[in-house]
1. Would you be able to say whether some residue in segment 41-58 is in contact with a helix residue (DSSP H, G or I) (Cβ under 7 Å, 6 or more places away or on another chain), surrounded by fewer than 14 Cβ atoms within 10 Å (Cβ to Cβ), part of a helix (DSSP H, G or I) and without any contact (Cβ under 8 Å) to a residue 24 or more places away in the chain?
2. Does segment 140-148 contain at least one residue that is closer than 30 Å to residue 72 by Cβ, at pLDDT 95 or above, touching a helix residue (DSSP H, G or I) at 6+ places or on another chain (Cβ under 7 Å) and part of a helix (DSSP H, G or I)?
3. Residue check: is residue 106 closer than 19 Å to residue 184 by Cβ and at pLDDT 95 or above?
4. What single numbered condition from (1) farther than 30 Å from residue 7 by Cβ; (2) in a loop (DSSP other than H, G, I, E, B); (3) free of Cβ contacts under 8 Å to residues at least 60 places away in the same chain fails to hold for residue 117?
5. Inspect segment 70-86 for any residue being over 28 Å from residue 174 (Cβ atoms), in contact with a helix residue (DSSP H, G or I) (Cβ under 7 Å, 6 or more places away or on another chain) and either surrounded by 15 or more Cβ atoms within 10 Å (Cβ to Cβ) or in contact (Cβ under 8 Å) with a residue 24 or more places away in the chain (or both) and give the result as yes or no.
6. Going through segment 120-135 one residue at a time, which ones are within 19 Å of residue 23 (Cβ to Cβ) and either touching a strand residue (DSSP E or B) at 6+ places or on another chain (Cβ under 7 Å) or outside any helix (DSSP H, G or I) (or both)?
7. Could you tell me whether residue 62 is over 25 Å from residue 147 (Cα atoms), in contact (Cβ under 8 Å) with a residue 24 or more places away in the chain and more than 17 Å from the chain's Cα centre (by Cα)?
8. Between 73, 161, 78, 101, which is assigned to a helix (DSSP H, G or I) and more than 15 Å from the chain's Cα centre (by Cα)?
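The values are calculated or read from the model by the stated rules, or taken from the named source; none is laboratory data. In this text the structure is predicted, and so the values were computed from the model without any measurement. For neighbour counting, all protein chains shown are included, and Cβ atoms are generated from backbone atoms with ideal geometry for every residue, glycine included.
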């Protein structure tokens, strides 16, 4: 991937996304690049994934179910009741359609950037963590500790993020996407 590809993506995103969302994706891209450097991954791919991970958020959440049906994107009951969760799957669709990203690893990292998945690829892990720890985030529990851990032990930072996420969702009585629990069980089980 060439630098001008990233410039082109940024230009398109700046026109599609609201300012706060655009600032978020640029920050995620920056952190994804830093994590890629730390863990020996392709920096440009990590940057691109970070940039486009939320590209579907250019659309209103109420359009997510109709768009998923129109584009043949499968969704589960939790996603049907909480359509905002579909932004990840729709994001992969729009990354391909609008930004001509065809790399399956980048597209998968977009799909799983909020839920994770068991046995994530390195890029999946990078985007998942970068989205959680980017500099504009400030409300998450243990955020500073997780930021530090991300650059020391990526899998441990994933366990911490998943633990805190599940605890938050349960405390608010929000529905939990089954894949998030599967991911948590995979990474906690892997530790022992």
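1. No, every residue in segment 41-58 fails to be in contact with a helix residue (DSSP H, G or I) (Cβ under 7 Å, 6 or more places away or on another chain), surrounded by fewer than 14 Cβ atoms within 10 Å (Cβ to Cβ), part of a helix (DSSP H, G or I) and without any contact (Cβ under 8 Å) to a residue 24 or more places away in the chain.
2. No: segment 140-148 contains no residue that is closer than 30 Å to residue 72 by Cβ, at pLDDT 95 or above, touching a helix residue (DSSP H, G or I) at 6+ places or on another chain (Cβ under 7 Å) and part of a helix (DSSP H, G or I).
3. No, not satisfied.
4. Of the numbered conditions (1) farther than 30 Å from residue 7 by Cβ; (2) in a loop (DSSP other than H, G, I, E, B); (3) free of Cβ contacts under 8 Å to residues at least 60 places away in the same chain, the odd one out for residue 117 is (3).
5. The answer is no, given that none of the residues of segment 70-86 is over 28 Å from residue 174 (Cβ atoms), in contact with a helix residue (DSSP H, G or I) (Cβ under 7 Å, 6 or more places away or on another chain) and either surrounded by 15 or more Cβ atoms within 10 Å (Cβ to Cβ) or in contact (Cβ under 8 Å) with a residue 24 or more places away in the chain (or both).
6. Of everything in segment 120-135, those that are within 19 Å of residue 23 (Cβ to Cβ) and either touching a strand residue (DSSP E or B) at 6+ places or on another chain (Cβ under 7 Å) or outside any helix (DSSP H, G or I) (or both) turn out to be 134, 135.
7. On the way: over 25 Å from residue 147 (Cα atoms): yes; in contact (Cβ under 8 Å) with a residue 24 or more places away in the chain: no; more than 17 Å from the chain's Cα centre (by Cα): yes.
When the stated conditions are applied, residue 62 does not pass them.
8. Numbers: 73 fails: assigned to a helix (DSSP H, G or I); 161 fails: more than 15 Å from the chain's Cα centre (by Cα); 101 fails: assigned to a helix (DSSP H, G or I).
Residue meeting the stated conditions: 78.
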